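Data first, discussion second: the structure below is written as C-alpha cells.
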Amino acid sequence: MDGRFFTRLEYWVKANRLAWAEIIQQKSWLRSARQAQKLKGVDLAKRMAVSPARISMMESDEERGAVTLKMMQKAAQALDCEFVYAVIPKKALKDKQQQKTEKPRLRVDLG
C-alpha cells in the first residue's frame, strides 16, 4: 500500500460526505445489519454457533468499542456482509466550508 491509497480514500470521503456523516454516527453496525435482514438475535446466534446472550453482548460491546475485529468478521460473515476496517486521514474529513474559513483574516486600516 502506498500514498496513492490514502489519496483515493481521501477523495472518496470528500465525494461522499453525506454518506460519511451517516456512517460515523452509526453506533451498532451488527444490530443494524441484523435488523435490516429481519433477524432476531437467536437467529444470528444459530448462524454463528453461539448463544443468543453472546449476540446481545457482542452488539453492546460494539457500541462501547470493545468488540474484537475477529468477532466483527465472524458476525459479518454470518450476516452475509463484508467487514471493512479503515483508518481515514483526518484531512479528508475536514469540511470544505471549514477549510475556507481557515484562510488568514485581512486587517483593514482605515486611518
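Taken together, the values in this text are just the output of simple stated rules run on the coordinates, not laboratory data. This is a predicted model, so every value here is computed, not measured. Glycine also receives a Cβ, built like all others from the backbone with ideal geometry; neighbour counts cover every protein chain displayed.
Worth a mention:
- The largest-to-smallest principal axis extents of the Cα set in segment 3-101 are 51, 25, 23 Å.
- The charge dipole of segment 3-101, taken about its Cα centre with unit charges on the Cβ of Lys, Arg, Asp and Glu (plus for the first two, minus for the last two), comes to roughly 300 debye.
- Close Lys pairs in segment 3-101 (alpha-carbon distance under 16 Å; sequence gap of 8 or more, or different chains): 8.
- Rounded to the nearest Hz, the phi-derived 3J(HN,Hα) couplings of segment 49-64 under the Karplus curve 6.51 cos²θ - 1.76 cosθ + 1.60 (θ = phi - 60°) are 6, 10, 7, x, 4, 5, 5, 4, 5, 5, 5, 5, 4, 4, 4, 7, where x marks glycine and proline.
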